[in-house]
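The values are calculated or read from the model by the stated rules, or taken from the named source; none is laboratory data. Every value quoted in this text rests on a predicted model; they were computed, and no experiment measured them. Quick reminder, even Gly has a Cβ in these numbers, built from the backbone with ideal geometry, and neighbours come from all protein chains shown.
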Amino acid sequence: MEVPGGIPTDDEQATGLEREVMMAARKGQDPYNMLAPKAASGTKEDPNLVPSITNKRIVGCICEEDNSAVIWFWLHKGETQRCPSCGTHYKLVPHQLAH
């Protein structure tokens, strides 16, 4: 609760969309894709999951941590696909919009 004369916390003063996003984040949800994606090992058995509202999405892979080049490729619904440069696996998963 708010202390009289104190500075309110983010929880106490958040309203509207900001509050909705904060509450969803507490439940482990990301309704507007605002949080950083959770990285997987990138293997065929544990691919990086890429949410999409369509049957395809363009993906950018930074193959090495200190690399500044991005390898772009189309990811299609269905089977797991590999980055053409480094071989990291990605899989398209359905995503529902929050509204």
Picked from the stretch 47-65 (must be outside any strand (DSSP E or B) and surrounded by 13 or more Cβ atoms within 10 Å (Cβ to Cβ)), the residue modelled with the highest pLDDT is Pro47
Can you name every residue in the stretch 19-35 that is free of Cβ contacts under 8 Å to residues at least 40 places away in the same chain and either touching a helix residue (DSSP H, G or I) at 6+ places or on another chain (Cβ under 8 Å) or in the same structural domain as Pro84 (by TED's automatic domain parsing) (or both)? Met22, Asp30, Met34, Leu35
Among the residues in the stretch 36-49, are any free of Cβ contacts under 8 Å to residues at least 60 places away in the same chain, under 30 Å from Gly16 (Cβ atoms) and out of contact with any strand residue (DSSP E or B) (no Cβ under 9 Å at 6 or more places or on another chain)? yes
Taking Ser68 and the conditions (1) at positive phi; (2) exposed (fewer than 10 other Cβ atoms within 10 Å of the Cβ); (3) among the small types (Gly, Ala, Ser), which numbered condition does it fall short on, given that it satisfies the others? (1)
Subset of the stretch 40-58 [over 11 Å from His89 (Cα atoms) and under 15 Å from the mean Cα position of the chain (by Cα)]: Pro51, Ser52, Ile53, Arg57, Ile58
Residue count for the stretch 25-39, restricted to those that are over 17 Å from Val93 (Cα atoms) and surrounded by 12 or more Cβ atoms within 10 Å (Cβ to Cβ): 1
